[in-house]
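Trainee: Starting off with a structure, shown below.
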């Protein structure tokens, strides 16, 4: 299934199919297996043998050869019986959270069509939310599965870093990159986890709840109020929460977010700087500015960001040891309307990254669960557990949604 839309829309805000115009056709699954009769879509940063991986940019598409092999994570879903239906739009080189691609357009947010879908896995989230696909693969470096899931009102997971193979997936910032996925049901999110994750290395049940006060303070008041019933249901499962301030030891969440952005930018330029300087690709204005910032960050002498990341990871591991669960809003607001000005776009991005950087910096698994609405748009709750407890987290998510 591929889009017939014009690959060069007049505006990045033109709504269109979630599928790329240059994508490969359908690939049937094994015919039998745990995911038989289900369909899946794949973000256009995953290799499919014989096809060029476009990565959201026409110059990348033109300057790269077809992939020799299919990404193992795609093969796992095919071997489990699911049918691949197409490749989906991503923001350019997966470096944004908005979901608006300057070259290929903006996939519709089916939950609130006048608003952005979130990115960078925008097409994958749109395909699942619209019912075109049962499952979709995305990547999550700074929130690129969690945020589209939240804004489109579907389920999404960023696994523990290193838990799912990244072979055959375009790298962005390798120490943060993960493969995640979207579904419309909590039970299917877990079933896909059984295929891609396997059992957790230790059987540790969720046992204690921690409410991230500084995370809730970042959210709009309407979002906080909408999450109250789901917090009550979660407390019924795990007991009343202890209140924590995750950013307190980090000079605040904003400072933690800025360290994340700096570390990420250096890795991104190391990955893509040589290609950018050789090819001189055409980027949309916001993406061009972002890569220019990454270039500048890579040219500055590192400070203590990497060391502080490791200290933060250890603190989070101690907090969540033995079944601890951290709860926070997935996004600080409902999906912004399309066509945000630069200042508003940056403000939404900074608030959002201040939430998503927690799991990224500490390499933790996080799920986004659609639990409420504000102004007719989805509001989602996020749960985080210790690294390696991905299946325990998915099981808890299923129990919470059943309780709701």
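Residues are listed down the side, and each one gets a yes or a no for (1) at pLDDT below 95; (2) over 11 Å from the mean Cα position of the chain (by Cα):
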{"residue": "65", "(1), (2)": "no, yes"}
{"residue": "76", "(1), (2)": "no, yes"}
{"residue": "85", "(1), (2)": "no, yes"}
{"residue": "92", "(1), (2)": "no, yes"}
{"residue": "105", "(1), (2)": "yes, yes"}
{"residue": "109", "(1), (2)": "no, yes"}
{"residue": "116", "(1), (2)": "no, yes"}
{"residue": "122", "(1), (2)": "no, no"}
{"residue": "128", "(1), (2)": "no, yes"}
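Trainee: Check the stretch 93-101 and report whether any residue there is more than 19 Å from residue 176 (Cα to Cα) and either without any contact (Cβ under 8 Å) to a residue 24 or more places away in the chain or outside any strand (DSSP E or B) (or both). Break it down stepwise before answering.
Mentor: Step one: of the stretch 93-101, the residues more than 19 Å from residue 176 (Cα to Cα) are 99-101.
Retained after the next criterion (residues that are either without any contact (Cβ under 8 Å) to a residue 24 or more places away in the chain or outside any strand (DSSP E or B) (or both)): 99-100.
Scanning the stretch 93-101, I find at least one residue that is more than 19 Å from residue 176 (Cα to Cα) and either without any contact (Cβ under 8 Å) to a residue 24 or more places away in the chain or outside any strand (DSSP E or B) (or both), so the answer is yes.
Trainee: For a quick check of your reading of the model, give me the residue pairs whose first member lies in the stretch 20-45 and is on the phi > 0 side of the Ramachandran plot, whose second is at pLDDT 95 or above and in a loop (DSSP other than H, G, I, E, B), with beta-carbon atoms closer than 6 Å and at least 6 apart or on different chains.
Mentor: Cβ pairs passing all conditions: 33/80; 33/81.
Trainee: Kindly provide the set of residues from the stretch 250-265 that are surrounded by 20 or more Cβ atoms within 10 Å (Cβ to Cβ) and either in contact with a helix residue (DSSP H, G or I) (Cβ under 6 Å, 6 or more places away or on another chain) or not in a helix (DSSP H, G or I) (or both), ordered by number.
Mentor: 250, 253, 256, 257, 259, 260, 263, 265
Trainee: Counting only residues that are over 22 Å from the mean Cα position of the chain (by Cα) and in contact (Cβ under 8 Å) with a residue 24 or more places away in the chain, which one in the stretch 304-316 is nearest to residue 261 (Cα to Cα)?
Mentor: 305
Trainee: Is it the case that the stretch 199-206 has a residue that's touching a strand residue (DSSP E or B) at 6+ places or on another chain (Cβ under 8 Å), surrounded by fewer than 16 Cβ atoms within 10 Å (Cβ to Cβ) and in contact (Cβ under 8 Å) with a residue 12 or more places away in the chain? Write out each step before concluding.
Mentor: Within the stretch 199-206, the subset touching a strand residue (DSSP E or B) at 6+ places or on another chain (Cβ under 8 Å) is 206.
From what is left, the residues that are surrounded by fewer than 16 Cβ atoms within 10 Å (Cβ to Cβ) are none.
No - not one qualifying residue is present in the stretch 199-206.
Trainee: Yes or no: residue 274 farther than 26 Å from residue 362 by Cβ, exposed (fewer than 13 other Cβ atoms within 10 Å of the Cβ) and at pLDDT below 95? Outline the logic, then answer.
Mentor: On the way: farther than 26 Å from residue 362 by Cβ: yes; exposed (fewer than 13 other Cβ atoms within 10 Å of the Cβ): yes; at pLDDT below 95: no.
So residue 274 does not fit the description; no.
Trainee: Among 247, 273, which is in contact with a helix residue (DSSP H, G or I) (Cβ under 6 Å, 6 or more places away or on another chain), in contact (Cβ under 8 Å) with a residue 12 or more places away in the chain and at negative phi?
Mentor: On the way: 273 fails: in contact with a helix residue (DSSP H, G or I) (Cβ under 6 Å, 6 or more places away or on another chain).
Just one listed residue meets the conditions, 247.
Trainee: Take the residues in the stretch 233-249 that are closer than 17 Å to residue 313 by Cα and surrounded by fewer than 20 Cβ atoms within 10 Å (Cβ to Cβ); name whichever of them is modelled with the lowest pLDDT. Spell out how you get there, then give the answer.
Mentor: Of the residues in the stretch 233-249, the ones closer than 17 Å to residue 313 by Cα are 244-249.
With the extra rule that they be surrounded by fewer than 20 Cβ atoms within 10 Å (Cβ to Cβ), the set shrinks to 244-245, 248-249.
On the way: 244: 98, 245: 98, 248: 95, 249: 92.
Looking at the filtered set, the residue picked out is 249.
Trainee: A further question follows. Exactly one of (1) at negative phi; (2) touching a residue at least 24 places away in the same chain (Cβ under 8 Å) is unmet by residue 239. Its number?
Mentor: (1)
The values are calculated or read from the model by the stated rules, or taken from the named source; none is laboratory data. Everything numeric here is computed off the predicted structure, so don't read it as measured data. Note that each Cβ is placed from the backbone with ideal geometry, even for glycine, and that neighbours are counted across all protein chains shown.
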